[in-house]
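Below: the structure, in structure tokens.
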Amino acid sequence: NCEHLLQECARVATTLRAHCPGVTVLATSREPLHVDGEVVLRVPSLGLPEPGAETDPETLAGLASVRLFLDRVHDLSPDFTLDRSNAAAVVEICRRLDGMPLALELAAARTAYLEPVEIAERLGDALSVLGRPGTATRHATLRAALEWSHDLLTAEEQCLLHRLAVFEGGCTLSAAEQVCAGGPVPADKVLDVLGRLVDKSLVQVD
């Protein structure tokens, strides 16, 4: 999680590369460090069940999103078993949360007192449901993680991100420039600010 310490982490990585030949630095971050020799590997959401796919427990357990959910559930309830009575609910949880690891972990934490079907039914209010009560870190709730990530953005980036929310299912660069320009983000800066949001993994280029 280097995104809030980019300059410091970049200095450390640059120093290590300069003085320790053969050393490879592996850093996780929302955005690149922008140092010489850096190779960016974007981590996609975990694999999801296909719509209408077979809900055979053995098949589902091979999917990364389901496997992570089950691993975290077993930390709380070692006797939990994925079977045909709960498989559809687990599939719904994984799909609704888009295979996001933190969200899946937070959902799994609720199985201490909710059945998967009850969690799935409550995901319409995911920001309230997904959290670890009594924990104060930025990864304790989905709301805290989103707010922390949002607060790291500049005023321009926040403004453009808010405006991009009017698009359903994505947009073209031309549409973004026409719809999102104005005020703190003039038309000639939309491309630059949009590029920074892509760098920060908040906008995905398709």
Task: Mean Cβ neighbour count within 10 Å, used as a protection proxy, ranking 166-172, 76-82, 64-70 highest first - done: 64-70, 76-82, 166-172
Task: Candidates Arg17, Arg143, Arg110, ranked by Gaussian network fluctuation over the chain, Cα under 10 Å, top entry - done: Arg17
TODO: Report the calculated FRET efficiency for His4 and Ala181 (r = Cβ-Cβ distance, R0 = 25 Å), to the nearest 0.05.
DONE: 0.30
- [ ] Per DSSP H run of at least 4 residues, take -39500 (n - 2.57); add these up for the chain, divide by its residues and hand me the 222 nm value, nearest 500 deg cm²/dmol.
- [x] -13500 deg cm²/dmol
Open item on the list: Charges at C-beta only: +1 for Lys and Arg, -1 for Asp and Glu. How large is the resulting dipole of the chain about its Cα centre, in Debye rounded to 20?
Closed with: 460
Open item on the list: Among [x] 53; [y] 44; [z] 23, only one was calculated for this model; which label is it, if the read-out is percent of Cα pairs over 28 Å apart?
Closed with: [y]
Open item on the list: Can you give me the distance in nm between label points at Leu191 and Ala27, each placed 7 Å from the Cα along the Cα-to-Cβ direction?
Closed with: 2.8
Open item on the list: I need the peptides 42-51, 28-37 ranked by packing, meaning the mean over residues of other C-beta atoms within 10 angstrom, with the highest value on top.
Closed with: 28-37, 42-51
TODO: Rank Thr154, Thr14, Thr24 by mean-square fluctuation in a GNM of the chain with C-alpha springs under 10 angstrom and give only the top-ranked residue.
DONE: Thr24
Task: Rough spin-label spacing in nm, given labels placed 7 Å along Cα→Cβ, for Glu50 and Leu123 - done: 1.9
Task: Residues listed by number, the range 1-30, amide nitrogen under 15 Å from Val43 label point at 7 Å toward C-beta - done: 1-4, 26-30
Task: Two-site label geometry, Asp36 and Arg11: point separation in nm, points 7 Å out along Cα→Cβ - done: 1.9
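Throughout, read-outs are computed from the coordinates displayed, never taken from laboratory work. Given the structure is predicted, the values throughout are model-derived calculations rather than measurements. Cβ atoms come from the backbone with ideal geometry, glycine included; neighbour counts cover every protein chain shown.
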